[in-house]
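Readers should treat all values here as calculations from the given coordinates under stated rules, not as data from a laboratory. Not measured: the values here are computed from a predicted model. When we count neighbours, we look across all protein chains shown, and the Cβ atoms used for this are built from the backbone with ideal geometry, even at glycine.
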Amino acid sequence: MLLSKKASLKRKLKSSSLNSSRKKSKVVPVGVDELPWKTLTRPSVSGVEEDVGLLMLEEVEDVEVVYEDTGSGRFAKFNFKGKAPQVVEDTPEGGETTRAEITDVSAESQKLSDEILENEGSEEDTFDTDALPNWAPHTLHPILLQSLHRRNFTDPTPIQAKALPVALKGKDVVGIAETGSGKTLAYGIPILQYILSKPKTKSNDKRQLKALILAPTRELALQVSSHLKACLSTPGPTEKSDDAGAPRAKGPPRVSVAAIVGGMSAQKQRRVLERGVDVLIATPGRLWDLLSEDDSLATQLKALKFLVLDEADRMIETGHFAELDNIVRLTLRQSREDDNDPEFLGEQRDDEEREIADGEDNEDGGKDELQTFVFSATLSKDLQKNLKKAKRKGVNRKATASTLDELLMKLDFRDPDPEIIDLSPEGVFVSSLKQSQVECMSADKDVYLYYFLLRYPGRSLIFLSSIDGIRRLSPLMELLQLKAFPLHSQLQQKQRLKNLDRFKSIPNSILLATDIAARGLDIPAVDHVIHYQIPRSADVYVHRNGRTARASREGFSLLMCAPDEKRILRGLLSSLGTLDSNEIPDMPIEIDLLDKLKARVQLARKIDTAQHKVKKEKHDKNWMRETAEAMELELDSDFADSDDGAGPKRSDKHDSKNAQLKAELKHLLSQPLIARGISKRYITSGARDIVNELIDNSHNRTMLGFKHSDARTDLVNYKTSARKRKAKPEASVEETEEWTGLGS
Ligand SMILES: Nc1ncnc2c1ncn2[C@@H]1O[C@H](COP(=O)(O)OP(=O)(O)OP(=O)(O)O)[C@@H](O)[C@H]1O
């Protein structure tokens, strides 16, 4: 049961059953504020409940809620039945605890908690660093170490190992490292470390914004927020051996982290901001909307301690440049604002002048206070060079090479030489990623895709370049009994998060996504990334592929390339500098099975078209009827379409035809898919021996005749046998055969 104490603070009230010892306890009526609330560890997955702007979740046990109807409405009363809060246990044995006493104790408890907050060295603040020797050089706060330990992050990742010493010293950092390499904590830890090392906020003080993290998509912003919160969660009372479940002293969270994104209640987000947060993660669009109506927030931006641009290159691509530019301007200290004055643009300053200017900045203490981090998996080498050159020599801002250069030039880097840490792999892609391609006609892509999904079950993320494509493919997948969820910008935010969570939690599922899912999303164990269309740029290809093979896991990607896309693919891969399309191996496909799958796909398409037609007819008819009613017109008998009961309605006829088609598809789907060379009569007499596979249960469940194998292994085996075939020119006809396509 959820109830709200203050508008912004939600608490979970658990009216639990009493154990025998608790039955002896006195029942005491108390106010909601006086209950012994316990802070809950919140789930780390992004979710609707979690991220709507709540500061914390709390629960309380042993409370009976009694509703009382009075003349002025219905009121809830809370009868506390359980063991008294820790501080209450001091009441003399047998002495009856009155409501007034609890109120006093509650005030006492608040005082106590404020005192604890002022003192260093609470229980949370200890950690045996021997348990994490590889983090020891960074001397992190015990809360961070506890969290790293709990999550089994025994070593910093390479980008963390390089970035942390520099960032913790207060330097600006531009970090480039492969997808899934732990960039979030590379900038997140220095921010949290800084805040945790400051005196704790008293419960009545409004927090001042210390860090602003800008991310290109809502999902990424929410994910960063969950990631940082997970670093701050300390074990709950039940996890502590020295604490027999007694609630701990209540206090504000050590660090408050909030996400501000579009598609969610702006009202709630405004309230969170009014209360004050330490770390704000935002998409530029929503933040700019809120900034334009909140002067105090704009003032807080001026005094920021950290500014982070996560996936900076993507942010400027998505039409966010204007908002981003405006927000970055607000973070500038006075001296740099002058720099950005249009009259100043294009002027060159020599090194000496610049040093003097920097010195002045440092003296007034303004500019020195902001530390800037820019992180991405893809920041071009040219851009990095420009950044260095421009910062060192003074910049001719009119001559910047790209929009991103322009934006980066505007950032308030405190250092003339921000530390550029480039750990992008030589071959652009993580070594644990295997890439493959399949060439086919556009019209055949659905069949090839269906083949791949049946042959290699797992968690597959399919990228399409248009929302229409997703709308077309979604119902098709459903009719083919595959679990597929759409993700695109025209879905409601709640639906987007729900679909993402379903995809995360169902191991054998499919996400049909546009490129809003290409960047930053950390979905555990994505087995396959499939490019249904060739991505529009090399960066997008890198980031899409980065959704698999994360955090040293293995991953697989499949490019589906139609003849008219070959040229684009060649250009895209050559711009990556290291890859030629011939170097991406062809995925082996059992051509013989495609015909069987084709029949299913064609029938599913037919049903979908028919369903769509019926829906459209119904919609048009309703519209006509409503319009006619509104205009007080009578519809003619043709339009009424046998609705007078004289014959079957047209829609009924369509429905029964659809039902027939569906039954046909159901029958097809129930038929086993049997590979060539298998005898249906005597399984032992076919060219392929499948008996052993059936006995040891190693067969593919949907395609009889294949072992249960993964796409990576099949690709490697196929490559090896292809090499052997090349060595022996008498390759079998079967292996070089091509599918003739969907046809009519
Ligand atoms: N030190 C560590 N040890 C083990 N796992 C880690 C460590 N740091 C981060 N991770 C995990 O690695 C995964 C990837 O991290 P993160 O999302 O920060 O990657 P990223 O580099 O930002 O990726 P992308 O470029 O795609 O945004 C996450 O699941 C995270 O929890």
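Give me a comma-separated list of calculated 3J(HN,Hα) values for the range 213-226, in order, Karplus coefficients 6.51, -1.76, 1.60 applied at θ = phi - 60°, integers in Hz, x for any Gly or Pro.
10, 9, 10, x, 10, 4, 4, 5, 4, 5, 5, 4, 4, 4
For the peptides 440-452, 276-288, 658-670, 618-630, what is the packing order when you average, over each peptide's residues, the other Cβ atoms within 10 Å and list the highest mean first?
My ranking of the peptides, most packed first, is 276-288, 440-452, 658-670, 618-630.
As I understand it, the dipole of the range 480-611 uses +1 on the Cβ of Lys and Arg and -1 on the Cβ of Asp and Glu, about the Cα centre. Which of L572, I584, V529 lies farthest toward its positive end?
V529
Which peptide among 220-230, 564-574, 502-512 comes first, and what is the full order, when sorted by highest mean count of other Cβ atoms within 10 Å?
Ranking the peptides 220-230, 564-574, 502-512 by packing returns 220-230, 502-512, 564-574.
Counting other beta carbons within 10 Å of each residue's own, what order do R314, R471 fall into, fewest first?
With the sparsest Cβ surroundings first, the list reads R471, R314.
Sort V328, V63 by Cβ crowding within 10 Å, fewest neighbours at the top.
V63, V328
For the range 438-452, take each phi angle, set θ = phi - 60°, evaluate the Karplus expression 6.51 cos²θ - 1.76 cosθ + 1.60, and give the result in whole Hz per residue in order, putting x for glycine and proline.
Couplings: 9, 9, 7, 5, 3, 5, 9, 4, 4, 5, 4, 4, 4, 4, 4 Hz.
For the range 591-606 and the range 494-543, what is the centre-to-centre distance using only Cα atoms, to the nearest Å?
26
Is the range 122-193 rounded, prolate or oblate when judged by the Cα gyration tensor, a ≥ b ≥ c being the square roots of its eigenvalues, rounded requiring a/c under 1.5 and prolate requiring a/b larger than b/c?
Verdict is prolate for the range 122-193.
Order the peptides 304-313, 127-136 from the highest to the lowest mean number of other Cβ atoms within 10 Å of their residues. Mind showing how you got there, number by number?
On the way: 304-313: 23.4, 127-136: 13.8.
Ranked by mean Cβ neighbours within 10 Å, highest first: 304-313, 127-136.
Tell me which residues come under 5 Å, amide H to amide H, from L558 once H is placed; ignore anything under 5 positions away on its chain.
S436, V529, I530, H531
What are the residues whose amide H is under 5 Å from the amide H of I281, where those residues sit 5 or more places off or on another chain and H is modelled from the backbone?
I213, A258, A259, I260
Taking θ = phi - 60°, what integer Hz values does the Karplus form 6.51 cos²θ - 1.76 cosθ + 1.60 yield along the range 286-302, in sequence order, with x for Gly and Pro?
Karplus values, whole Hz, x for Gly and Pro: 5, 4, 5, 4, 6, 5, 5, 10, 9, 5, 5, 5, 4, 5, 5, 4, 5.
Taking 0.36 nm per residue of separation and subtracting the Cα-Cα distance, what length does fully extending I568 through D595 add?
6.8 nm
Could you list which residues have their amide H under 5 Å from that of K707, counting only those 5 or more apart in sequence or on another chain, with H placed in the peptide plane?
Those lying under 5 Å, H to H, from K707 are N700.
Ranking T378, T702 by Cβ neighbours within 10 Å, fewest first, what do you get?
Listing T378, T702 from fewest to most nearby Cβ atoms yields T702, T378.
In the structure displayed, which of K445/K666; K504/K598; K171/K200; K183/K498; K171/K494 lie more than 27 Å apart, Cα to Cα?
As for pairs spanning more than 27 Å Cα to Cα, those are K504/K598; K171/K494.
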